[in-house]
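This report concerns only the one structure given below.
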Amino acid sequence: MGLNRFEHAEFYLDQGYRFQMQGDLERAADSYRKSIAAHALPEAHTFLGWTYSFMRRMQDAIDECHKAIAIDPEYGNPYNDIGAYLIELGKLDEAIPYLQRAIRATRYEARHYPHFNLSRIWLQKNSLAEAIHELEEAVRLCPNYPAALKELARLRDEESRRARITPPAPPAPAGPATKSPSQGNA
């Protein structure tokens, strides 16, 4: 009994992943394209996009993620990946809705990644409190996420440092001096 198209697609998807982990991006991309030709899986498009991102082909990476979304709009990985690619391109405001959509996706187990990526955006926008909030959420979802734990500790130290060196606000000036009736006119 031979393999069906779906099994071929999964075989090439697994093969592509192995090549990618070995750093052989050309062979990985070729395997992902074979997977897509056998049966278009959203995972294959997403992973092909991931491979393209390592090749610095960001627009191709984004295009592949859009193809994955067209196949399965509830698959969260391509939303997060588009958000990450847009961050790399300096398109922070464009990235936010994709990351928020990744968080809401019903078929996505790695919701800590978009929270981490949102923290990167808020940090670049000088919103330390929002960056810390997103990292806290990432750690809540994945308590052993090393990058989030490290960055959260660093940002909390930064927040503490800022609190120590920020001078207190000067007292508000008193209202205009008025003479009481008993002082009379000068």
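In this Cβ point-charge picture (+1 for Lys and Arg, -1 for Asp and Glu), region 1-92 has a dipole of about 200 debye about its Cα centre.
Taking only the alpha carbons of region 1-92, we obtain Rg and Dmax values of 13.0, 50 Å in that order. Relative contact order, whole percent, for the chain stands at 11, derived from Cα pairs under 8 Å and 6 or more residues apart. When 51, 106 are sorted by how many other C-beta atoms sit within 10 angstrom of their C-beta, beginning with the fewest, the order is 106, 51. As a proxy for reagent exposure, ranking 165, 82 by other Cβ atoms within 10 Å from fewest up yields 165, 82.
Distance between the 7 Å Cα→Cβ label points at residue 89 and residue 18: 3.4 nm. Across region 25-79, the volume of the C-alpha convex hull divided among the residues equals 57 Å³ per residue.
Against the chain, whose longest principal axis comes from its Cα atoms, helix 25-38 is set at around 70 degrees. Modelled spin-label separation between residue 127 and residue 33, with each label point placed 7 Å from Cα along the Cα-to-Cβ direction: 4.0 nm.
Using only side-chain charges placed at the Cβ, +1 for Lys and Arg and -1 for Asp and Glu, the dipole size of the chain relative to its Cα centre rounds to 740 debye. Between the listed residues 15, 123, 37, the Cα displaced farthest toward the positive end of the dipole of the chain, a dipole computed from Cβ unit charges relative to the Cα centre, is found at 123. With semi-axes defined as the square roots of five times the eigenvalues of the C-alpha gyration tensor, the equivalent ellipsoid of region 109-162 measures 18, 12, 7 Å, largest first. The simple Förster model, with R0 at 45 Å and r as the Cβ-Cβ distance, assigns residue 157 and residue 56 a FRET efficiency of 0.85. Considered as an equivalent ellipsoid built on the Cα gyration tensor, the chain has semi-axes of 53, 16, 14 Å, the largest given first. Distance from the alpha carbon centroid of region 1-51 to that of region 100-117 works out to 23 angstrom. For the chain, adding -39500 (n - 2.57) for each run of n ≥ 4 DSSP H residues and dividing by the number of residues yields -22500 deg cm²/dmol at 222 nm.
Compared with the dominant Cα axis of the chain, that is its longest principal axis, helix 146-165 is turned about 10°.
With neighbours defined as other Cβ atoms within 10 Å of a residue's Cβ, the residues 53, 35, 160, 127 order from fewest to most as 160, 127, 53, 35.
Read-outs throughout are calculated quantities, based only on the coordinates presented, and are distinct from any laboratory measurement. Only a predicted model underlies this, so the values are computations on that prediction, with no experimental measurement involved. Because the Cβ atoms are built from the backbone with ideal geometry, glycine has one as well, and the counts that use them run over all protein chains shown.
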